[in-house]
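Readers should treat all values here as calculations from the given coordinates under stated rules, not as data from a laboratory. What you are looking at is a predicted structure, and each value in this text was computed from that prediction instead of being measured. Methodologically, a virtual Cβ is constructed for each residue, glycine included, from the backbone with ideal geometry; neighbour enumeration extends over all protein chains shown.
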Amino acid sequence: MGKVVTGFSMSVDGFVAGPNDGPENSLGDGGDRLFKWYFSGDATHEVPSGNHTFRMSKDGADMVQEASQLAGVLVTSRRTFDIARAWGGKHPMNVPIVVVTHEVPQEWANKPGSPFTFVTDDVIRAIEKAKQIAGDKTVVVGAPSV
């Protein structure tokens, strides 16, 4: 069975998103301090879903590439799921996603081909389900509220 890991781009004062829950800069000066490293290098990394390419340092691209190859499932919160608008049905990591929630969103409940599994019990059950789905691959926890 694989590991359970997490990792975030985080400011020194503990923020993982801008004031509107997005990647925008919390200082409002047009910069993107939390996520600038995704767009400021010479090496490229195409996300597994194929819908975006990052330009980062070679070390950053190597780290993200390795993490992408190891990931078997993503665990996220309903809040992150909602803010991201369900990633349009396909997360950039292109892995199954376990969503911890109190209520299953009906538009996704039984949608054919959906990558989402909704767990309404608790975080422990969500991680157990994610481990089943991931098998020997890594479970990535990708929401600050989980």
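Listed values, structure above:
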| item | result |
| --- | --- |
| Region 4-141 - charge dipole about Cα centre, Lys and Arg +1 at Cβ, Asp and Glu -1, debye rounded to 20 | 300 |
| Modelled FRET efficiency - R0 25 Å, HIS52 with VAL5, Cβ distances, 0.05 increments | 0.70 |
| Among GLY72, PHE39, ASN51 the positive-end extreme of the charge dipole of the chain (Cβ point charges) | GLY72 |
| Per-pair calculated FRET efficiency, R0 = 25 Å: MET63 and ARG85 via Cβ, rounded to 0.05 | 0.40 |
| 13 Å beta-carbon shell around VAL47, net charge (K/R +1, D/E -1) | +1 |
| Amide proton proximity set for LYS137, modelled H, under 5 Å, gap of 5+ | GLY2 |
| Mean ellipticity per residue at 222 nm, deg cm²/dmol - from DSSP H runs of n ≥ 4 across the chain, formula -39500 (n - 2.57) | -6500 deg cm²/dmol |
| Normalised contact order of the chain, rounded percent, pairs of Cα under 8 Å and 6 or more residues apart | 29 |
| DSSP bridge pairs, the chain: antiparallel proportion in percent, nearest 5 | 20 |
| Residue-by-residue Karplus 3J(HN,Hα) for region 11-17, coefficients 6.51, -1.76, 1.60, Hz, glycine and proline x | 6, 5, 9, x, 8, 10, 7 |
| Rounded if a/c under 1.5, otherwise prolate or oblate - the chain, Cα gyration tensor axes | prolate |
| Extension gain, PHE15 back to GLU128 (0.36 nm per residue minus Cα-Cα distance, nm) | 37.9 nm |
| Cα-based helix-to-principal-axis angle, 58-70 vs the chain, degrees rounded to 10 | 10 |
